[in-house]
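In what follows, a structure is listed as structure tokens, so that the remarks can point back to it.
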């Protein structure tokens, strides 16, 4: 048995061989790609749109910037970025071709085609040169990466000096009673919605479990600092249901 197969990681609440997780995550998002945007609206009551707009407010995109949106799937974040910075360009990278295909079919993708590229790739081994981008974003994707530290190191590598990292991810509510109520909703409602809308309960069961395995706000901020980023800060969204983390390559 080689070294990589001896290491394990979590896939939701299950323990799996580290070298198997990427394929399992790929399977999840291949299964849900066609219904991914609809399910985001249903699960969050549309609040994910407010979170992404808040992300853009904090980022303040500027004309001429080069954005890399990792795990960018159907293009939600890249579209928002390009609308706010007409002279900017963006690359959407995702490990799942089906997600990118769904993104390319959206009207925004056609309107922005000259400023937008779609690339299949791995967050832990980005297919770009050092110092290639001004901004790196990842939304609801980093918790699915096998080795989060490797993805953060790659983000640091491909950003130019003065570049910015911003992560939008589900997080932890600071109030135990509120967290318990949110857990009841997540585990009892979201997988059922997945079955009803996407005909896939298991994938949404995994997505709910993966949120609970992700580090809390302070622990994740420490991981970002550990990758070399400075001026690391976070803002809670909807009382901590999600959080925005920001860091700079200085």
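Since every read-out is calculated from the coordinates, none of them should be taken as a lab result. Predicted, not measured: the structure shown is a model, and the values here were computed from it. Virtual Cβ from ideal backbone geometry, glycine too; neighbours counted across all protein chains shown.
Exposure proxy for 214, 29: other Cβ atoms within 10 Å of each Cβ, ordered fewest to most, give 214, 29.
The spread of Cα positions in the chain, taken along each principal axis and listed from longest to shortest, comes to 45, 42, 40 Å. Between the range 189-235 and the range 44-77, the C-alpha centres lie 17 angstrom from each other. Dividing the summed -39500 (n - 2.57) terms of all DSSP H runs of n ≥ 4 by the residue count of the chain sets its mean residue ellipticity at 222 nm at -14500 deg cm²/dmol. Bridge orientation summary for the chain: considering DSSP beta bridges with both residues in this region, about 45 percent are antiparallel.
As a proxy for reagent exposure, ranking 77, 189 by other Cβ atoms within 10 Å from fewest up yields 189, 77.
Normalised by the number of residues in the range 116-218, the mean separation of alpha-carbon contacts (under 8 Å, six or more apart) gives a relative contact order of 25 percent. Put in line by how crowded their Cβ is, counting other Cβ atoms within 10 Å and starting with the fewest, 169, 15 read 15, 169. Each Cα pair under 8 Å and six or more residues apart adds its separation to the average, and for the range 71-172 the resulting relative contact order is 27 percent. The relative contact order of the chain comes to 19 percent, based on Cα pairs under 8 Å that sit 6 or more residues apart. Take the chain, connect every pair of alpha-carbon atoms lying under 10 Å apart with a spring to form a Gaussian network, then pick out the residue of 109, 198, 60 with the largest mean-square fluctuation. Sorting by GNM fluctuation, first place goes to 60. Using every pair of distinct Cα positions in the range 94-169, the Kirkwood expression returns a hydrodynamic radius of 13.5 angstrom.
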